[in-house]
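Notes for the one structure printed next.
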Amino acid sequence: MRPAAGFLGTGFKPFSLRDDCMDARLQQGTLILLETLNAWFTGLHAWLFETLVQPPMYALGFMTYVEDAYDATEFFLYGCAEIVLLLLLFRPLEALWPLERWPDRRAVRVDILYTLLHRLGLLPLIIFILLSPLVDGFDGFLRLHNVIPHNLEELIPSLAGSALAAFLVYLLVLDLALYLLHRLQHHLNWWWALHSLHHSQRQLSFWADDRNHLLDDVLSDLWLVLVALLIGVPSGQFVLIVIVMRMVESLSHANTRLRFGWLGERLLVSPQFHRLHHGMTIGHEGPARGCNFAPLFPLWDILLRTANFSHGRIPTGISDQLEGSDYGDSFVRQQILGIKRLVHSVVGNKV
């Protein structure tokens, strides 16, 4: 009896053909799903804008801003999708594998407000209005001096053939930029006066990522946008990069025992890795004024010697909270106290 042709004679050919067919069907099905989701999103976007946004703008005479409003409506929908994902993915994670259990979660409520304001577009809209003149002026300055930023695909032609590779390189560069900014937030006393609000949360959860002073947000967003402008990040990729960063950073703040393993902890910032950054004493003290600064990739902390991979369970917060320092328990009070700390750090007098 001769052997079956597919097994010994031709190297499992029937199975490879079947796998190829399955891969083709899977790719086709994925493409159809993505196109369907995109069609739904586009239809919802158009309906929401034409039904709820455009009529009052027309009535109030704001039609000169119609394009900006159209984009803002799109960001609002992205934010809604993000919040749904946060609730579906990270809330069960915290409920099933919590690192800490809190009988009273009232301290988390203000962080939920921050997240809603950020992800649904209100605070980004305010920041956009504040930053637009600066970004436009910087862009005009570059063009006036014949400085036209090249994107990475032009500088590294091999990236042009892979959108995914280009996206990952842009993500790495922007993550490095945010790592350096984060070091400044801890090193400069006046900036720490603002950024310390983010570290003052004693009940760290996935909601805490957006817990920032508004001035801190303005400075951070300006930094990120200017770096993106300098390296020529395409607008479509920039939006996706921001969404990916926000989702990963929400996970890294989660109250969970989830770990990525020895290798995973060194490839992507985990909740354990970032929790040490919020750890009382080690997260904002020492020669580097803290540790584990990278938003996404521990690579930068490893290379610049600010990484801490210990697994001790350390309470989160700021040391002076144990001495009675007040960072506020409401959005308005937190913003006011941040300004007072900023003034105090500059003039050296209590406000």
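Any read-out appearing in this document is the output of simple, stated calculations on the displayed coordinates, not a laboratory observation. A quick note: this is a predicted structure, and the numbers were derived from the prediction, not measured.
Key figures
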| read-out | value |
| --- | --- |
| Over 21 Å [Cα-Cα, region 247-319], rounded percent | 16 percent |
| With eigenvalues of the C-alpha gyration tensor scaled by 5 and rooted, region 225-351, Å | 28, 22, 15 |
| In order through region 283-299: 3J(HN,Hα) via Karplus (6.51 cos²θ - 1.76 cosθ + 1.60), integer Hz, x for Gly, Pro | x, 8, 10, x, x, 8, 6, x, 8, 6, 7, 5, x, 10, 10, x, 3 |
| Debye intensity ratio I(q)/I(0), log10, region 150-209, q values 0.14, 0.15, 0.22, 0.29 Å⁻¹ (C-alpha model) | -0.61, -0.65, -0.86, -1.12 |
| Three-way shape call for region 129-267 based on the alpha-carbon gyration tensor, with the a/c threshold at 1.5 | oblate |
